[in-house]
Structures are given as C-alpha cells and as structure tokens.
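Please read the structure below before turning to the comments.
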Amino acid sequence: MAFLSKIKDSDIELAISKVLRYGVYIAMTFAGIGGFVYLYRHGNEMVGDQYAQYVEKDDKFFDYVHHMFVGIFQGKGRDVITLGIIVLLATPTVRILFSLLGYTLEKDKMYIVITLIVLAIITVSVMGGLG
Amino acid sequence: MTVLLFSLIVLVGAIAAGLIGSLTGLGGGAVIIPLLTVLLGVDIHYAIGTALVSVIATSSGSAAAYVKEGISNIRLGMFLEIATTVGAVLGTVVAAYVPTNVVAVIFGIVLIFNGINSFLEKETGKAVESSKLATWLKLPGTYPTSNGIVRYGIVNVVGGFIMMIVAGILSGLLGIGSGAFKVIAMDNIMKVPFKVSTTTSNFMMGVTATASAVVYLQRGYIAPGLCMPVVIGVLIGAILGSKILVKSKVKNLRVIFAIVIMLLAANMIYKGLHH
C-alpha cells in the first residue's frame, strides 16, 4: 500500500471536490425528476395560500424518511424532491468524513483531532434535533 | 398564480441567489427570504427552511469548484469550523435570553462600517509573515492568481477564531449575517487574501448550516414544492458564479461584496427595528 503513504493535500482536495460535485449532481437529478412529475401533475393548479400559513409538525426523523420512501414508491414527485434535498443536506457532512479519511491516510494527527471535534459538535446538535 | 409560474419566479430568484452567494461568500438567505416572504407571501418558517437549503446548495455547488482550483483553504476552513459550529450551538441557546432585535441593529451597524471600509480598502498584495500559531496549525497556504501560484501568510489566529464564534452565534441567533462575519474574520483580522476568504467562507457555510437541517426537516420547515426550484436554481447560479470568480479581479469582487453586505446590514437593522 505504498501509494497510501504518499497521499498529499492536493489528493484530499480533489477527493473533497468530487464528493461535493457528485452530491450536487445527484441532488439536482432527484430534484429535477421529482420536480418534473410534480409540475406535470400540479403545474396548472393555483398556489393559493398553501405556503401562507405554517403548519407545525413534529415528525420523528426516521418516520419522516419512511414516509418519503413510501411516497417515492407510489411515484409521488414531492417525495423524490425530498430525497434530493436530503442528499444535498448530507453533502457537507460526507465531505467532513472524507477529510477525516484523508488526514488519517496522511497521518496528520492535529487535523484528525480537529476534524473529530467538528464532527462531534455537529453530532451533538443534530442529536438535539433527533431527540 | 399557477404552481408553474410560482416555481419559475422562485427559480429565477434562486439563480441570482446562487450567483451572488458564490461570488461573495455570503449565504443566499438574504435574497431568498425577502423574495419568498415579501413578494410571494410565503410564511417565514417555510422561507427559513428554504433559505437553509439554498445556503447548503450555494456552499456545495461553488466549493466543488473552489476546492478543486485550490482557492479555498481547507485546513483553515476545518479549523475555523470548530468556532462556527460551537457558536451556532451557543446562538440557539442564548436566543432565549438576549433581545435579538438589539443584536440585529448593532451588527447591522457594524456591517455598514465594514462595507464602507471594504470600498476604501486597496489590495496591497500583502505578503504578511505568518504568526507562530498559524504556522503550528499549518494554516498558511497558496492560491492561484493571474501571476501564478501565490503563497500567503496568516496572522492573528486567536482574533479570527473569536470572530468566527461571533459569526456562528449570529447564524444561530438571527439566521443571517454569518457569511459576512466569516469573510471579515479572515480578510480583515487574519489577513487572508480576499478570494481565499470568500471561497473558504463558502466552503464552511454548508457545515454551519447542517446543524439545523435535521430540526428543520422534522418541524416541516422544508416544503418540497417550494425547495425544488431553489435547489435547481441555486446550484445553477453557484456553478456559474464559481466559473466567474476564478477569473475576476479582486477589486470588482470587493465592490460586489461591499454592496451586498450594505444591503444585508439594512435588512438586519430593518428587521431589528420592526420586531
């Protein structure tokens, strides 16, 4: 595994930019497909006041994801869009995980610790939402 | 208004938001929120959820290019993310105890002074000597310019770190303004070159926003029909913007930045006075 010991910062940069690019393209694809279905079905309806009044929800995250997949298999455009949004919202976190991998291969202890601290803080604040 | 027309209007606004966001290192929220609430009569909760989606789209869409070109400083970004994420958590906690309207007015005024300063500032091609702490943290880097790869130094890490905590608190507290203070922390305090500051701010923005993403999904702030044109539009705008930034002159970028933060400041002060 000689090449692993020779990993450079520019390799990490390339990997991160690929993670971001693929994440963005996948999100755009799902939003595009879902958007096409949604507009095909509802494009001529009136917007009316469907966004004028916020309806409070308190779904459990896993119920939310479950409903989304049920909707996708029923061919609902809005749930395909939601999948695209979730992919998009996940890109920064996946990017951090790849940086962690990169710094581990580089054996850069200081930045392994820094990346772990950032991950821990995000986990705590996301868990605050999940609880 | 039909759903189709509504979606097209939001799409056009989102392209503008992505373009401005990727050029200035500021989130697109300042464009998306007024467009939705003032012009289209959308409830603020849905507008905030949509703005969060637009911020992450701007960040990932433009950072993909900036990181590849070697403009964003990923170590600096990762190190300062400790400050912004801690600040964001603190911000949501202190929101219950501090008058957010007063905070909005004070920071709005700070931004106006900074906007004026940004107009006056001349790019000196400042080759600062890095401080010991910056060197120890491996923060100094290089970035491509029209004259080839340029090496730059970084100073005042502690000051920049504190300013980043403030930026994080503001994003937790007000939902806007964190991008502006991130750029100010790097450009003014740490003496990071302007292009590196704005692109690193862009790179970081997505992570700061991630902290609220799950909560927003659960509470139903993110309406798929509303976010769809935003995801597509912002990504198109951000990818276009990142192509422009790579070739633009720093002077022009500074002018755009100054104008946008002045508008942002006016928005903050207005919000503060009317709540």
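The values are calculated or read from the model by the stated rules, or taken from the named source; none is laboratory data. What you are looking at is a predicted structure, and each value in this text was computed from that prediction instead of being measured. Cβ sites come from the backbone with ideal geometry, for glycine too, and all protein chains shown count toward neighbours. Please note that ligands, DNA and RNA were not included when accessible areas were found on the heavy atoms of the full protein model with its side chains. Shrake-Rupley method; radii C 1.70, N 1.55, O 1.52, S 1.80 Å.
Every condition in (1) more than 9 Å from chain A (Cβ to nearest Cβ); (2) open to solvent by less than 10 Å² (accessible area, probe 1.4 Å) is met by B:ALA95 except one, and the failing one is (2).
Could you tell me which numbered condition B:GLU69 fails, if it satisfies all but one of (1) open to solvent by 10 Å² or more (accessible area, probe 1.4 Å); (2) modelled with pLDDT under 85? Single failed check for B:GLU69: (2). Scanning the stretch B:208-225 for residues that are under 13 Å from A:TYR64 (Cα atoms) and more than 7 Å from chain A (Cβ to nearest Cβ) yields B:TYR216, B:TYR221. Being closer than 30 Å to B:LYS247 by Cα and more than 8 Å from chain A (Cβ to nearest Cβ) holds for only one residue in B:ILE32, B:ILE106, B:ILE56, B:ILE74, and it is B:ILE32. If you go through the stretch B:192-206 and keep only what is aromatic (Phe, Trp, Tyr) and either in contact with a strand residue (DSSP E or B) (Cβ under 7 Å, 6 or more places away or on another chain) or under 11 Å from B:THR24 (Cβ atoms) (or both), you end up with just B:PHE194.
Per-residue answers, yes or no, for (1) touching a Pro at 6+ places or on another chain (Cβ under 6 Å); (2) open to solvent by less than 40 Å² (accessible area, probe 1.4 Å); (3) modelled with pLDDT under 90:
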site: B:ASN117; (1), (2), (3): no, no, yes
site: B:GLY125; (1), (2), (3): no, no, yes
site: B:THR135; (1), (2), (3): no, no, no
site: B:LEU139; (1), (2), (3): no, yes, no
site: B:THR142; (1), (2), (3): no, no, no
site: B:TYR152; (1), (2), (3): yes, yes, no
site: B:ASN156; (1), (2), (3): no, no, no
site: B:GLY160; (1), (2), (3): no, yes, no
site: B:ILE165; (1), (2), (3): no, no, no
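Of the residues making up the stretch A:43-55, just one is facing chain B (nearest Cβ under 7 Å) and either in contact (Cβ under 8 Å) with a residue 12 or more places away in the chain or acidic (Asp, Glu) (or both), namely A:GLU45. Across the stretch B:28-36, not a single residue is classified as touching a residue at least 24 places away in the same chain (Cβ under 8 Å), surrounded by fewer than 22 Cβ atoms within 10 Å (Cβ to Cβ) and either within 23 Å of A:ARG41 (Cβ to Cβ) or of a type in the set (Lys, Arg) (or both). Among the residues of the stretch B:194-215, some residue qualifies, meaning at least one is without any contact (Cβ under 8 Å) to a residue 40 or more places away in the chain, open to solvent by less than 40 Å² (accessible area, probe 1.4 Å) and within 23 Å of B:THR92 (Cβ to Cβ). Residues in the stretch B:60-71 that are touching a residue at least 60 places away in the same chain (Cβ under 8 Å) and facing another protein chain (nearest Cβ under 7 Å): B:SER60, B:GLY61, B:ALA63, B:ALA64, B:VAL67, B:GLY70. The conditions of being over 19 Å from B:GLY206 (Cβ atoms) and of a type outside the set (A, V, I, L, M, F, W, C) are met by B:GLY108.
Within the stretch A:70-96, work out how many residues are more than 7 Å from chain B (Cβ to nearest Cβ) and without any contact (Cβ under 8 Å) to a residue 12 or more places away in the chain.
Of the residues in the stretch A:70-96, the ones more than 7 Å from chain B (Cβ to nearest Cβ) are A:70-77, A:79-80, A:83, A:86-87, A:90, A:94-95.
Narrowing further to those that are without any contact (Cβ under 8 Å) to a residue 12 or more places away in the chain: A:70-74.
Residues that pass the stated criteria total 5.
Any residue in the stretch B:23-38 that is among the β-branched types (Val, Ile, Thr) and over 22 Å from B:PHE257 (Cα atoms)? Looking for residues that are among the β-branched types (Val, Ile, Thr) and over 22 Å from B:PHE257 (Cα atoms), one finds at least one in the stretch B:23-38, hence yes. Which one is modelled with the lowest pLDDT among residues in the stretch A:20-63 that are of a type in the set (Gly, Ala, Ser) and touching a helix residue (DSSP H, G or I) at 6+ places or on another chain (Cβ under 7 Å)? It comes out as A:GLY43. If only residues of the stretch B:237-275 that are among the charged types (D, E, K, R) and touching a helix residue (DSSP H, G or I) at 6+ places or on another chain (Cβ under 8 Å) are counted, the one that is surrounded by the fewest Cβ atoms within 10 Å (Cβ to Cβ) is B:LYS243.
State all residues of the stretch A:56-69 that are at the interface with chain B (Cβ under 8 Å from one of its Cβ atoms) and open to solvent by less than 90 Å² (accessible area, probe 1.4 Å); if no residue qualifies, say none. Reasoning before the result, please.
Of the residues in the stretch A:56-69, the ones at the interface with chain B (Cβ under 8 Å from one of its Cβ atoms) are A:56-61, A:64.
Hits for the stretch A:56-69 are A:ASP59, A:PHE61, A:TYR64.
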